Amino acid sequence: MTANLILSLSQEQAAKPYKFKATNIGVFSFEEAQYHCLHYWKQSVDDFTSDEFIDWVKTTLNLNFISSKLKEIAKLHSFSERLIRFLSLTDYLDYGDAEALRTELNAWESRKEWEKLKERADDLMNTDEPEKAFALYKKALLFEDNAQLYNNAAIALMKQGEYAEAAGYLRKAMYKEPENVPVILHLAEAYIMAGAFDLAGKTLGAAESYGDSADIHFFRAEIQERAGNSAGAVPLYEKAIAMDPATHYIYRFADVLVNLRMYERAAAVMDLIDNKDRSFLKKQAELFVKNNNIPAAIKCMEKALLTNRSSVDLWTRLAAYYRQDYDLNHAHSAISAAIAIDPADARANLEYARIKKAQGRIKDYQLILNTVLTGLKNRYRENLSYE
């Protein structure tokens, strides 16, 4: 990029940001929107010429001329041309930058349609947007019928808790590639989560014919645990962890041990994790809460916040633990910090409502709760329109 000074079209920051759907990033100026679309152009395909974005440019930024240009750009057939023209509405790109980007975009557009859709869906999965990702995987399957797409669509469904439907997609993937062990294991997991333990056991037997693995022992442990035989699950979890001390195995085994009231053993299992990062501290706090040790959970969150004080999630968790410890003043301070970082965060606002209720401020509780529910409904409608 050139180092020339770029003058802002809007001299004041917008009061209301535009939030890009795929990345969930909010921007307050047209130049910020251009920066976002340049660096996340695959995720911005459906945004910068959408009616919602154009209306934001017109009504919030008061850029009538730019909004009219965006309407013209939206009519262009080629995505490459739409993006180049969008980025050229200011001096954001010089000729050399524009031509380099055009080459990259043309190469991407020349790929098969299903590959482009899959890549966009994969990006959405990486940003925890499984509903939108599934819509794109489903669309990709109209162009190409392969095991990879069926598998990824199933994973997106499982992220949404739709395990029976996911199993259907995985059966199709397995039909396409009957010796694909990861697909077989995903199908076993879908059956387990759907409560179809007999089918899960048979599917694991099919996977086992290709060799032993930690996954197989872990899923057999899950069958025992979910069928009500926690004691029988313990040695299977131990075998899985002995073969592969994966973090998610350890976390799950620790949960089971806590449910069995084997707290010291759970702590010893957690200690197998070398990287005691923020994720570790969050999980450790959850286990402390199950053991009714709220002060210890609070200390975990305070320690985690020393590494990242801009995390809405950590502040929200800290607020919840303070509330559970009946320390409403500290709870209010923590949740205020979370909302200051992201006023629209649903989890933070739900916790804010709970704190208001605990303080006896029922009207405030109801008002905040209604606002959150309205926001969730709007997001649901966005997901439907995305398809």
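The values are calculated or read from the model by the stated rules, or taken from the named source; none is laboratory data. Computed from a prediction, not measured in an experiment: that's the story for all the values here. Cβ: placed from backbone, ideal geometry, glycine included. Neighbour counts: every protein chain shown. We work out accessible area using only protein heavy atoms, side chains counted, and drop any ligands, DNA or RNA first. Shrake-Rupley method; radii C 1.70, N 1.55, O 1.52, S 1.80 Å.
A few notes on this one:
- Residue satisfying all of: in the stretch 237-263; among the aromatic types (Phe, Trp, Tyr) and within 22 Å of the chain's Cα centre (by Cα); farthest from residue 217 (Cα to Cα) among these: 251
- Residues satisfying the stated conditions in the stretch 158-167, i.e. open to solvent by less than 80 Å² (accessible area, probe 1.4 Å) and assigned to a helix (DSSP H, G or I): 158, 163, 164, 166, 167
- Meets criteria (basic (Lys, Arg), modelled with pLDDT under 90, outside any helix (DSSP H, G or I) and closer than 23 Å to residue 22 by Cα) for residue 102: no
- For the stretch 46-80, the set of residues classified as open to solvent by 70 Å² or more (accessible area, probe 1.4 Å) and either more than 26 Å from residue 342 (Cα to Cα) or among the small types (Gly, Ala, Ser) (or both) consists of 64, 65, 71, 72, 75, 77, listed by residue number.
- Residues that are without any contact (Cβ under 8 Å) to a residue 40 or more places away in the chain and either surrounded by 12 or more Cβ atoms within 10 Å (Cβ to Cβ) or among the charged types (D, E, K, R) (or both) within the stretch 117-128 comprise 117, 118, 121, 122, 125, 128, listed in sequence order.
- On the stretch given as the stretch 129-144, residues that are open to solvent by 70 Å² or more (accessible area, probe 1.4 Å) and within 16 Å of residue 112 (Cβ to Cβ) total 3.
Condition check ((1) surrounded by fewer than 17 Cβ atoms within 10 Å (Cβ to Cβ); (2) more than 23 Å from residue 286 (Cβ to Cβ)) across all residues:
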position: 169; (1), (2): no, yes
position: 178; (1), (2): yes, yes
position: 189; (1), (2): no, no
position: 212; (1), (2): yes, yes
position: 236; (1), (2): no, no
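- Selection of the stretch 253-266 for residues being surrounded by fewer than 17 Cβ atoms within 10 Å (Cβ to Cβ) and closer than 26 Å to residue 330 by Cβ yields only 263.
- Only listed residue being within 29 Å of the chain's Cα centre (by Cα), assigned to a loop (DSSP other than H, G, I, E, B) and in contact (Cβ under 8 Å) with a residue 24 or more places away in the chain, chosen from 49, 90: 49
- Scanning the stretch 105-123 for residues that are in a helix (DSSP H, G or I) and out of contact with any Ser or Thr (no Cβ under 9 Å at 6 or more places or on another chain) yields 107, 113, 114, 115, 116, 117, 118, 119, 120, 121, 122.
- Residue in the stretch 148-157 that is farther than 26 Å from residue 209 by Cα and surrounded by fewer than 19 Cβ atoms within 10 Å (Cβ to Cβ) present: no
- The stretch 52-87, subset small (Gly, Ala, Ser), part of a helix (DSSP H, G or I) and under 32 Å from the mean Cα position of the chain (by Cα), residue nearest to residue 15 (Cα to Cα): 67
- Positions within the stretch 55-98 being among the acidic types (Asp, Glu) and at pLDDT 85 or above, in sequence order: 55, 72, 81
- Among the residues of the stretch 15-45, those identified as assigned to a strand (DSSP E or B) and either hydroxyl-bearing (Ser, Thr, Tyr) or surrounded by 17 or more Cβ atoms within 10 Å (Cβ to Cβ) (or both) are 18, 27.
- The residue pairs whose first member lies in the stretch 278-291 and is of a type in the set (Asp, Glu), whose second member is buried (at least 19 other Cβ atoms within 10 Å of the Cβ) and modelled with pLDDT of 95 or more, and whose beta carbons are closer than 8 Å, counting only pairs six or more residues apart or on different chains, are 286/297.
- Residue check, residue 297 open to solvent by less than 80 Å² (accessible area, probe 1.4 Å), hydrophobic (A, V, I, L, M, F, W, C), closer than 14 Å to residue 185 by Cβ and touching a helix residue (DSSP H, G or I) at 6+ places or on another chain (Cβ under 7 Å): no
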